[in-house]
1. Inspect the range 123-133 for any residue being more than 18 Å from the chain's Cα centre (by Cα), more than 16 Å from the ligand (Cβ to nearest atom) and surrounded by fewer than 19 Cβ atoms within 10 Å (Cβ to Cβ) and give the result as yes or no.
2. Could you grab me the full set of residues in the range 157-172 that are more than 16 Å from the ligand (Cβ to nearest atom) and either in a loop (DSSP other than H, G, I, E, B) or of a type in the set (S, T, N, Q) (or both)?
3. Between ILE260, ILE200, which is at pLDDT below 95 and away from the ligand (no atom under 16 Å from the Cβ)?
4. Going through the range 140-156 one residue at a time, which ones are surrounded by 15 or more Cβ atoms within 10 Å (Cβ to Cβ), in contact with a Lys or Arg (Cβ under 9 Å, 6 or more places away or on another chain) and touching a residue at least 60 places away in the same chain (Cβ under 8 Å)?
5. Check whether at least one residue in the range 160-180 is within 15 Å of PHE93 (Cα to Cα) and at pLDDT 95 or above, and report yes or no.
6. Name the single residue, out of those in the range 203-223 being within 13 Å of the ligand (Cβ to nearest atom) and hydrophobic (A, V, I, L, M, F, W, C), that is nearest to VAL92 (Cα to Cα).
7. What helices (runs of 4 or more DSSP H) lie completely within the range 34-139 and have 3 or more residues being farther than 15 Å from PRO250 by Cβ and touching a residue at least 40 places away in the same chain (Cβ under 8 Å)?
Amino acid sequence: MNRCVTYLSACLILLYSCKNRNEKDNSGANSDKDIIFISTSLAFKSNTLISLIRDGKLDKDSSLPKFKDLLNEIKEQYNEQAITRYNSDKWVFPLKDYTTDISIGNSKDEGYIPGRYNFFDGNDHKGHAALDIFITDSNQDCADDRTKKQVDVLSMTGGVVLAAEMNWDTASALRGGKYIWIYDPLNKLLLYYAHNNTVIIKPGQIVKPGEKIATCGRTGLNAFKKRSPTHLHLMILKLDENNYPRPINPYGYLKTAKPI
Ligand SMILES: [Zn+2]
């Protein structure tokens, strides 16, 4: 029931934001003029499909071809945009004012357990095919102990927001809490940013490296519990030639990403 309510409210928020976007697009006087989106209908289709996979509402045999077609459609629209493309030498560390040295353990494999992870298992996935990037937040109020301010989550790469969950409460079974999926068509990657406190981007939005997409938080089935230090859960999936996503260790990319 709760999942159903969460899903319906996500759809309503997306519809509302899409409606607003269309009104602004048609008015010609739009405060979002610097923000580029793929089409509203494709953004809605994308967010919906990712939610269905997340909730186990599609069997794997039918979700795989739908997912591959979706990525091809998005890539086509992305490539039509006259925007800068960003290779890994332009990528940005995903937490503002942080680096690997102060936010991740010393080992490149610390916490990265791809195991039997499968994207199409959705919320019931196995393993921990990600790295957790910790902020200093001893009282767990989501504010940095050093600055007393929330920590910005930045997009590492360029790409398109495939899906975003804006709502979460402690009764939810969602492990990612308020999450964001970004598709980087140039580098054939999917990036998953989870446990955010607030999400400030919308499905369909095109982002660049260093763009603020969220603030770091404690949302998610386990992340909100006291035993869990405040962190960003970052997962990177590499797409093969058939658009099948498989996890890779983000450590190397994080190590070379530019801190800002
Ligand atoms: Zn994690």
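1. For the range 123-133, residues more than 18 Å from the chain's Cα centre (by Cα), more than 16 Å from the ligand (Cβ to nearest atom) and surrounded by fewer than 19 Cβ atoms within 10 Å (Cβ to Cβ): absent.
2. THR157, GLY158, MET166, ASN167, ASP169, THR170, ALA171, SER172
3. ILE260
4. Result: CYS142, VAL151, ASP152, VAL153, LEU154, SER155.
5. No, the range 160-180 contains no residue that is within 15 Å of PHE93 (Cα to Cα) and at pLDDT 95 or above.
6. Selected residue: CYS216.
7. Passing ranges, in order: 40-54, 60-80.
The values are calculated or read from the model by the stated rules, or taken from the named source; none is laboratory data. Only a predicted model underlies this, so the values are computations on that prediction, with no experimental measurement involved. Quick reminder, even Gly has a Cβ in these numbers, built from the backbone with ideal geometry, and neighbours come from all protein chains shown.
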